[in-house]
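Enquirer: Take a look at this one; I'll ask things after.
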Amino acid sequence: MSLKEYKAKRRFNKTPEPAGAPNSSTVGNLLVGQKHAASRLHYDFRLELDGTLKSWAVPKGPSLDPGVKALAVQVEDHPLDYADFEGVIAKGEYGGGTVMVWDQGSWQPEGEHPSRDFAKGKLKFQLHGEKLRGAWSLVRMGGKRNEDGTNWLLIKSDDMYARPNAKRDFLAHYSRSVLSGRTLNEISADSDPISARGASSDPGRSGTHRRTTA
Ligand code: MN
């Protein structure tokens, strides 16, 4: 487990994100895609490996076109219970903005030693998500411009799930949560603590409209 960075970045009394429960098992193969309207909209791509969710932020989202290499910036490992996290992180907190569970399922590494392949920076796998399917690879970029090693490329392999020359139209088409069916705007509206509770519960704000019931 390597959740140190994840925990250090967050204040769990201020964010609805999971604090990271201890895991009973480290043999799962969860796939998670989240759509995250932070300061910049992006997609988060997560694969369960060695008891955590290895995580990448994909600024433009994945592409079904094998000719497109989507930049995927590796971020801190996330806890497994992040797979079901959908809601609103308050403005000013780390990653502030609305999070949708955009895709969920499992992944299957093509190699026998995924941890070793991950460390080497080349991972090939099959995705069994509701939206992302078929063969994909993640390749760490080389060269001086990637000195900290966080820049990877997420690439669709050519198979029956590939859509050559496709734009990222499917991202707009698949705009709803696989957990709740909600759009980002609906998640934001549902999760707004002020509109959900109503201002009338605050005597300071409803003072002029207070009813004087006997
Ligand atoms: Mn994110």
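Enquirer: For the chain, what is the Kirkwood estimate of the hydrodynamic radius, computed as the reciprocal of the mean inverse distance between distinct Cα atoms, to one decimal in Å?
Expert: Here the Kirkwood hydrodynamic radius works out to 18.7 Å.
Enquirer: Can you give the calculated 222 nm mean residue ellipticity of the chain, where each DSSP H run of n ≥ 4 adds -39,500 (n - 2.57) and the sum is split over every residue, rounded to the nearest 500 deg cm²/dmol?
Expert: -3000 deg cm²/dmol
Enquirer: Treat the count of other C-beta atoms within 10 Å as a stand-in for reagent exposure and order Phe45, Phe12, Phe170, Phe118 from fewest to most.
Expert: Lowest to highest Cβ neighbour count: Phe12, Phe170, Phe118, Phe45.
Enquirer: Reachable aspartates and glutamates from Lys4, Cα under 12 Å, same-chain residues fewer than 8 places away excluded?
Expert: List returned: Glu76, Asp77.
Enquirer: While we're on this one: Most exposed first by the Cβ proxy, i.e. fewest other Cβ within 10 Å, how do Arg145, Arg163 rank?
Expert: Arg145, Arg163
Enquirer: For Glu147 and Ser39, calculate 0.36 nm times their separation in residues minus their Cα-Cα distance, and state this gained length in nm to one decimal.
Expert: Using 0.36 nm per residue and subtracting the Cα-Cα distance, I get 36.4 nm.
Enquirer: Counting alpha carbon pairs within less than 8 Å and at least 6 residues apart, what relative contact order, in whole percent, applies to the chain?
Expert: Computed value for the chain: 20 percent relative contact order.
Enquirer: Relative contact order of the range 53-141, please, whole-number percent, based on alpha carbon pairs below 8 angstrom and at least 6 residues apart.
Expert: Answer for the range 53-141 is 17 percent.
Enquirer: DSSP loop GluC sites (Glu not before Pro) in the range 55-127 with at most 10 other Cβ atoms within 10 Å of their Cβ, which ones?
Expert: Glu112
Enquirer: Shape verdict for the range 150-192, please, from the Cα gyration tensor: rounded (a/c under 1.5), prolate (a/b greater than b/c) or oblate.
Expert: Cα axes put the range 150-192 in the prolate bin.
Enquirer: Something else: Between the range 45-76 and the range 173-187, what is the separation of their alpha carbon centroids in Å?
Expert: Each part reduced to its Cα centre gives a spacing of 20 Å.
Quick note: the coordinates plus some simple rules give every number you see, no bench work behind them. From a predicted model like this one, the values you see are computed outputs, not experimental measurements. Using ideal geometry, Cβ is built from the backbone for each residue, glycine included, and neighbour counts are taken over all protein chains shown.
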